[in-house]
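To start, the structure under review is shown below, and the notes come after it.
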Amino acid sequence: MSTLLNFENVTSYYGATRILKDFSFEMEQGQCLCVLGRNGVGKTTLMRTIMGLTDRSTGAIRINGAEISAKPPHVRATYGLGYVPQGRGILSDFTVRENILLGTFARADKASEIPDICLRIFPYLKENLDKRAGLLSGGQKQQLAIARALAVGPQILLLDEPTEGIQPNIVNEIGEILKMLNKELGISLILTEQHIKVARKLGDAFLMVDNGRVVARGPIAEMTDELVNRHMTI
Amino acid sequence: MDLGSLLNALILGVSIASIWLIAALGLTIIYGTAGVINMAHGEFIMLGAYSSYMLQFYLGLPYLLCLPASFVIVALVGLALERGLIRYLYNRPLDTLLATYGVSLVLMQGVRLIFGSDPKYLAVPEMFQSNVMLGSASISAFRIVVLGITAFLVFALWLLFYKTRFGVQVRAVMQNKEMAASFGINSGRIYMMTFALGAGLAGVAGALFGVLAIVLPTMGASYVVQAFLMVVVGGGSLAGSVVASGVTGEMQSVFAFFTNDTFARFIIFVLIVVFLRFRPQGLFAQAGARR
């Protein structure tokens, strides 16, 4: 196993406010890393820092050893980052097809077709390619956001609260799909999650965040109830 | 009044609409994509006219070749302006307003210094100088050329924005710059290219207006108000500008038929103010969150 993503003393800012402080961790190729913590501790900012969407950051961020922290978001995406943001970030004026095609602009091979995988795992999208994305339900939008991130041909999928605001039966479905992507296709996942159950089911490793700092990390088996209680109960 | 002359007014209205629309096209593209209110748009039009004048007067280029050449020249001016100034101001709308206004003054005075304040004229091929009968309406052949070129440009822009990968990139940036960037789209490059495109379209408009009227350093001012109104009423989208130009062009012509040009314009301005009171976002507003 080799290190896929590596943060070294990263501090990330909005304006003059530090959101992530001295943030260091690494994740292995093929892992599913669950980022846990209460609301507002910096989980979403971690995702945005990886994509380069915060105002500025210091420290080193490496993907496969390549330093990316000085690169703008549109260049970072081409390192194989498939981003599924909080709130899904679907372009509502676009059709389903155009939304998925958006993902292909970040492909390393410059292919302009929708990859098979996107439609194979989401039959609903396949049947509604020309529907306006704004008309989809929350769960369907989440599927579309994942399909779009897969169109990048990603090494890492960044999933920011993928089960937030989605009805329970779809939560399971999305959980299964993520598991399949991770275990069968070998796509590494970084997942922020409030549901401990989902994290335990999918995760290989965890990263507990509190107040912008890493307070604990390790294999998911080491995520004790005591740790969860200390950093996640309100 | 008789039905025949009302029909004439309607036909003339299409011609007026096409003139207003071609004046507004470049502004629409730049405002719609980058959200920049380009106060130098009128001067881009003026530069287009002077480009054609220079090419014709010094190089003897045939008029029909001056049109694409003016597009290229003014697009390059727009490109230089975007790279040198506008790109530093995208997050500061008020500053772009002032900066582009400053640029418009520089361009106007610069052209005045070089060419003087006396009017220049563009020569067109003989066949465009005649009048054509459309039904019972007599209309100058050149106005039909303007109409044709406007229709061609609208169609070409539609193809560009809705049928190409570049178009998908532009529309993605318009809706959500952050998500576009997260998927590999370089929004800076998109803004640069649309600004150049918008400037180039103003250049074509100028090359046409130089024939319809005379070429003067101040000529931009007479078109830019109409252009801005079309963009505001249309809501900044291509379809919006087309519909806004069509409707106001026809109204101008029909009101002028019953009263006179000046009064017709007065009525239209009042109607636009009332319209914007009830629909400030314009006809077809962009739903996306711009930056």
Would you say B:PHE166 is part of a helix (DSSP H, G or I), modelled with pLDDT under 95 and within 14 Å of chain A (Cβ to nearest Cβ)?
yes
In this structure, does A:MET180 turn out to be open to solvent by less than 20 Å² (accessible area, probe 1.4 Å) and touching a residue at least 24 places away in the same chain (Cβ under 8 Å)?
no
Out of the residues in the range A:197-234 that are in a helix (DSSP H, G or I) and in contact with a Leu (Cβ under 7 Å, 6 or more places away or on another chain), which is nearest to A:THR17 (Cα to Cα)?
A:MET232
Going by what's in this entry, would A:GLY203 be described as in contact (Cβ under 8 Å) with a residue 40 or more places away in the chain, loosely packed, with under 13 Cβ neighbours inside 10 Å and not hydrophobic (A, V, I, L, M, F, W, C)?
no
Here are some conditions: (1) in contact with a helix residue (DSSP H, G or I) (Cβ under 9 Å, 6 or more places away or on another chain); (2) free of Cβ contacts under 8 Å to residues at least 60 places away in the same chain; (3) within 12 Å of chain A (Cβ to nearest Cβ). B:ILE190 meets all but one. Which one does it not meet?
(2)
Go through the residues of the range B:118-126 one by one and say whether even a single one is open to solvent by 40 Å² or more (accessible area, probe 1.4 Å), farther than 30 Å from B:ALA256 by Cβ and modelled with pLDDT under 95.
yes
Got a number for residues in the range A:58-89 being open to solvent by 30 Å² or more (accessible area, probe 1.4 Å), within 14 Å of another protein chain (Cβ to nearest Cβ) and at negative phi?
7
So for the range B:277-286 (the condition being within 30 Å of B:GLY4 (Cβ to Cβ) and either at pLDDT 90 or above or over 20 Å from the mean Cα position of the chain (by Cα) (or both)), does at least one residue qualify?
no
Kindly list, by first and then second residue, each pair from a residue in the range A:101-113 that is more than 10 Å from chain B (Cβ to nearest Cβ) and open to solvent by less than 40 Å² (accessible area, probe 1.4 Å) to a residue that is at pLDDT 90 or above and in a helix (DSSP H, G or I), limited to pairs with Cβ atoms under 9 Å and residues at least 6 apart or on different chains.
A:ALA111/A:THR104
On the given criteria, is B:ALA207 open to solvent by less than 50 Å² (accessible area, probe 1.4 Å), assigned to a helix (DSSP H, G or I), more than 14 Å from every other protein chain (Cβ to nearest Cβ) and without any contact (Cβ under 8 Å) to a residue 60 or more places away in the chain?
no
Residue in the range B:220-227 that is in a helix (DSSP H, G or I), crowded, with 20+ Cβ neighbours inside 10 Å, in contact (Cβ under 8 Å) with a residue 60 or more places away in the chain and of a type in the set (S, T, N, Q) present:
yes
Counting only residues that are surrounded by 14 or more Cβ atoms within 10 Å (Cβ to Cβ) and among the polar types (S, T, N, Q), give me the helices (runs of 4 or more DSSP H) lying completely in the range B:4-116 with at least 3 of them.
B:41-59, B:93-115
Test B:ALA181 against the criterion of being open to solvent by 10 Å² or more (accessible area, probe 1.4 Å), over 26 Å from A:GLY134 (Cβ atoms) and either more than 11 Å from chain A (Cβ to nearest Cβ) or part of a helix (DSSP H, G or I) (or both), and give yes or no.
no
Could you tell me which residue of the range B:67-88 is farthest from B:ALA34 (Cα to Cα), considering only residues that are among the aliphatic types (A, V, I, L, M) and without any contact (Cβ under 8 Å) to a residue 24 or more places away in the chain?
B:ALA69
Restricting attention to the range B:130-147, does a residue exist that is within 13 Å of another protein chain (Cβ to nearest Cβ), hydrophobic (A, V, I, L, M, F, W, C) and surrounded by 15 or more Cβ atoms within 10 Å (Cβ to Cβ)?
no
Which is surrounded by fewer than 22 Cβ atoms within 10 Å (Cβ to Cβ) and of a type outside the set (Gly, Ala, Ser), of B:ARG189, B:ARG171?
B:ARG189
All-but-one check, A:LEU46 against (1) without any contact (Cβ under 8 Å) to a residue 40 or more places away in the chain; (2) buried (at least 23 other Cβ atoms within 10 Å of the Cβ); (3) out of contact with any Gly (no Cβ under 6 Å at 6 or more places or on another chain), failing number (1)
Residues of the range B:152-168 satisfying the condition of being under 17 Å from B:LEU201 (Cα atoms) and open to solvent by 60 Å² or more (accessible area, probe 1.4 Å):
B:PHE152, B:PHE155, B:TRP158, B:LEU159
Kindly check whether there is at least one residue in the range A:114-129 that is open to solvent by 20 Å² or more (accessible area, probe 1.4 Å), more than 10 Å from chain B (Cβ to nearest Cβ), within 25 Å of A:LYS43 (Cα to Cα) and in a loop (DSSP other than H, G, I, E, B).
no
Among the residues of the range A:162-181 satisfying the criterion of being part of a loop (DSSP other than H, G, I, E, B) and in contact with a helix residue (DSSP H, G or I) (Cβ under 8 Å, 6 or more places away or on another chain), which is nearest to A:LYS197 (Cα to Cα)?
A:THR163
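The values are calculated or read from the model by the stated rules, or taken from the named source; none is laboratory data. Everything quoted here is computed from the prediction, not taken from an experiment. Glycine also receives a Cβ, built like all others from the backbone with ideal geometry; neighbour counts cover every protein chain displayed. Protein only, heavy atoms only, side chains kept; ligands, DNA and RNA dropped before computing areas. Shrake-Rupley method; radii C 1.70, N 1.55, O 1.52, S 1.80 Å.
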